[in-house]
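One structure is given below, encoded as structure tokens.
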Amino acid sequence: MSLLITGGTVVAPTGAVPADVLIDGETIAAIFAPGRGPEGPDVLDATGKYVIPGGVDVHTHMELPFGGTHASDTFETGTRAAAYGGTTTIVDFAVQRTGEVVADGLAAWHAKAEGNCHVDYGFHMILGGVDDESLKAMDQLVADEGISSFKLFMAYPGVFYSDDGQILRAMQRARDNGAVIMMHAENGIAIDVLVRQALARGETDPIYHGLTRPAALEAEATQRAIQLASVANDCPLYIVHLSASEALAAVAAARDLGRNVFAETCPQYLYLTLEDQLGAPGFEGAKWVCSTPLRSKHESHQRDLWRGLRSNDLAVVSTDHCPFCFKDQKELGLGDFSKIPNGIGGVEHRVDLLYQGVVDGKLSLQRWVETIATTPARMFGLYPRKGIIAPGSDADIVLYDPSGRTRISVETHHMNMDHSAFEGYEIAGKVDTVISRGTILLAGGAYHGRKGHGKFLHRGLSSYLN
Ligand code: DUC
Ligand code: ZN
Ligand code: ZN
């Protein structure tokens with residue numbers, strides 16, 4: 001089936017131009033000057049709308065077993081929420097738990113996702129143990145399984161933690177097989193000392209989650225990861241969920257030297273703060289317990305993160321979508337902040353929240369599209385299939401209405417959460433129509449998607465490296 005999108009403004013990292021887009025089957029067939037497209041296909045009128053590539057969220061955790069419970073979105077509910085919010089590709093994290101065989105962890109993730117997704121999906125692999133066997137498995141995943149990125153943790157001793165020697169070995173392997181190392185950069189050994197000391201003083205409220213994970217320990221780990229990647233002959237390094245100015249400075253310095261060092265941030269760090277959310281009265285702040293934590297509004301973090309997005313020291317905005325309900329899940333940490341499951345759900349709102357940055361003059365239209373779709377696709381081996389409106393690319397397209405409005409609320413969201421981290425936020429724009437591989441998932445407020453439409457994406461190597 002052919003579909004011609006007419007009258008809209010196509011936005012790419014290189015600019016915004018009025019153009020008509022012809023879809024043939026699952027892919028984009030051609031782009032025409034306005035009014036020059038063929039007669040015959042069905043027409044979708046995009047007058048007054050931005051025509052952007054479907055969002056690519058490269059950091060989600062559907063059904064993740066974590067903190068004594070499971071992330072509350074399944075692949076079905078989470079990818080449906082993603083579709084509602086204009087995200088047509090996710091890359092989730094398959095998990096090798098410590099002591100487990102990598103292939104078994106991967107098989108478990110395929111079993112959770114297959115046949116259940118509303119949008120296309122790929123996997124990174126979390127390595128919970130670096131040893132000879134898992135290093136060999138890295139090569140096999142890159143060569144045969146379409147998995148070209150591996151996440152390591154400098155935090156969570158006894159859970160996902162890798163020591164510096166393990167990190168170096170995995171980086172050396174990645175340097176050889178072409179993979180990207182993704183790093184949770186927080187000094188978990190030092191954090192655990194601060195957590196124990198806080199609890200011993202009776203400091204049990206959610207805000208102490210943030211106060212025991214100071215920016216200095218994010219910066220120290222970020223710097224250490226950058227140095228270890230340097231020792232591993234400039235292994236490509238991607239810092240996940242960066243939240244602190246000091247960590248950003250370390251990334252910027254490495255990038256100034258031409259290093260293959262990259263970072264993402266997430267909407268929660270751009271909008272929410274330690275005082276206003278994590279420090280909410282009573283146990284309310286538990287809703288915003290995530291790691292890295294929300295930072296102080298009295299410091300420069302948010303200003304610097306927005307600036308980092310403009311300068312490309314921050315290349316990507318992902319969500320780190322890791323939802324937990326307040327009732328029975330966040331409540332596991334009543335009386336002990338260290339038992340609150342870490343995570344915020346936001347897969348539905350990333351495209352909108354970053355568009356608000358455009359409205360507020362903090363980001364250009366082009367950088368909006370680049371950080372939410374094009375660069376994540378390039379970074380993680382999905383480009384040009386995803387992340388761009390171009391002939392031959394998958395017809396993953398969002399019509400975005402700059403004259404619409406979006407009010408974020410638990411009453412209206414589609415994520416499986418009993419609260420919203422962004423409750424009451426108003427966006428001066430709206431996801432109008434969502435198309436995934438030529439299939440209309442959302443139009444005129446009506447949802448037409450279905451589970452099973454989303455397919456596994458066999459990713460290649462990053463095309464974003466120096
Ligand atoms: N790190 C993540 O990337 N996601 C959830 C929790 C965490 O610490
Ligand atoms: Zn992490
Ligand atoms: Zn995460």
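Here are the numbers for this structure:
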{"quantity": "Extended-chain gain in nm, criterion 0.36 nm per residue less alpha-carbon gap, ASP132 and ASP418", "calculated": "98.7 nm"}
{"quantity": "Distant-in-sequence amide H partners of LYS455 (H built 1.01 Å from N, under 5 Å)", "calculated": "ASP120, TYR121"}
{"quantity": "Inter-centroid distance (Cα atoms) of the range 16-55 relative to the range 254-328, Å", "calculated": "35 Å"}
{"quantity": "12 Å beta-carbon shell around ASN416, net charge (K/R +1, D/E -1)", "calculated": "-4"}
{"quantity": "Reachable lysines from LYS386, criterion Cα separation under 27 angstrom, eight or more residues apart if same chain", "calculated": "LYS49, LYS112, LYS151, LYS362, LYS430, LYS451, LYS455"}
{"quantity": "Sequence-distant residues sharing a close amide H with LEU334 (under 5 Å, placed H)", "calculated": "none"}
{"quantity": "The range 209-223 - phi-based ³J(HN,Hα) in whole Hz, Karplus 6.51/-1.76/1.60, Gly and Pro as x", "calculated": "4, x, 5, 8, 10, x, 3, 4, 7, 6, 5, 4, 5, 4, 4"}
{"quantity": "In order through the range 328-340: 3J(HN,Hα) via Karplus (6.51 cos²θ - 1.76 cosθ + 1.60), integer Hz, x for Gly, Pro", "calculated": "6, 9, 4, 5, 4, x, 4, x, 7, 4, 6, 9, 6"}
{"quantity": "Calculated FRET value between ARG36 and ASP401, using beta carbons and R₀ = 22 Å, to 0.05", "calculated": "0.40"}
{"quantity": "Neighbourhood net charge (11 Å Cβ-Cβ; Lys/Arg +1, Asp/Glu -1) for LEU217", "calculated": "-3"}
{"quantity": "Rough spin-label spacing in nm, given labels placed 7 Å along Cα→Cβ, for LYS339 and ILE189", "calculated": "2.8 nm"}
{"quantity": "Extension gain from ASP164 to ALA111, taking 0.36 nm per residue of separation minus the Cα-Cα distance", "calculated": "15.9 nm"}
{"quantity": "Net charge, GLY343 excluded, C-beta distance under 11 Å - Lys, Arg +1, Asp, Glu -1", "calculated": "0"}
{"quantity": "The chain: C-alpha gyration tensor shape, a/c 1.5 cut-off, then a/b vs b/c", "calculated": "prolate"}
{"quantity": "Placed amide H near PHE324: partners under 5 Å, 5+ positions off or other chain", "calculated": "SER72, GLY345"}
{"quantity": "Between the range 393-458 and the range 137-209, the alpha-carbon center distance in angstrom", "calculated": "32 Å"}
{"quantity": "Qualifying GluC sites (Glu not before Pro) in the range 155-241, DSSP loop, other Cβ atoms within 10 Å at most 15", "calculated": "GLU203"}
{"quantity": "222 nm mean residue ellipticity, helices alone, for the chain (DSSP H n ≥ 4; -39,500 (n - 2.57); rounded to 500)", "calculated": "-8000 deg cm²/dmol"}
{"quantity": "Qualifying GluC sites (Glu not before Pro) for the range 336-437 [loop in DSSP, other Cβ within 10 Å: at most 13]", "calculated": "GLU411, GLU423"}
{"quantity": "Modelled FRET efficiency - R0 30 Å, ASP104 with GLU275, Cβ distances, 0.05 increments", "calculated": "0.10"}
{"quantity": "Degrees, to the nearest 10: 164-177 long Cα axis against longest axis of the chain", "calculated": "30 degrees"}
{"quantity": "Tilt relative to the chain, helix 350-359 - C-alpha long axis, 0 to 90 degrees, to 10", "calculated": "80 degrees"}
{"quantity": "Spin-label pair LEU332/GLN227, simplified geometry with 7 Å Cα→Cβ offset, distance in nm", "calculated": "3.5 nm"}
{"quantity": "Net length gained if the chain between ALA446 and THR27 were fully extended (0.36 nm per residue, minus Cα distance)", "calculated": "148.6 nm"}
{"quantity": "Computed E for GLU284/ARG310 - FRET, C-beta separation, R0 30 angstrom, nearest 0.05", "calculated": "0.35"}
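Here, each number is a calculation from the coordinates, and none is a lab measurement. Keep in mind that what you see is a predicted model, and the values were worked out from it rather than measured. Positions of Cβ are backbone-derived with ideal geometry, glycine not excepted, and every protein chain shown enters the neighbour counts.
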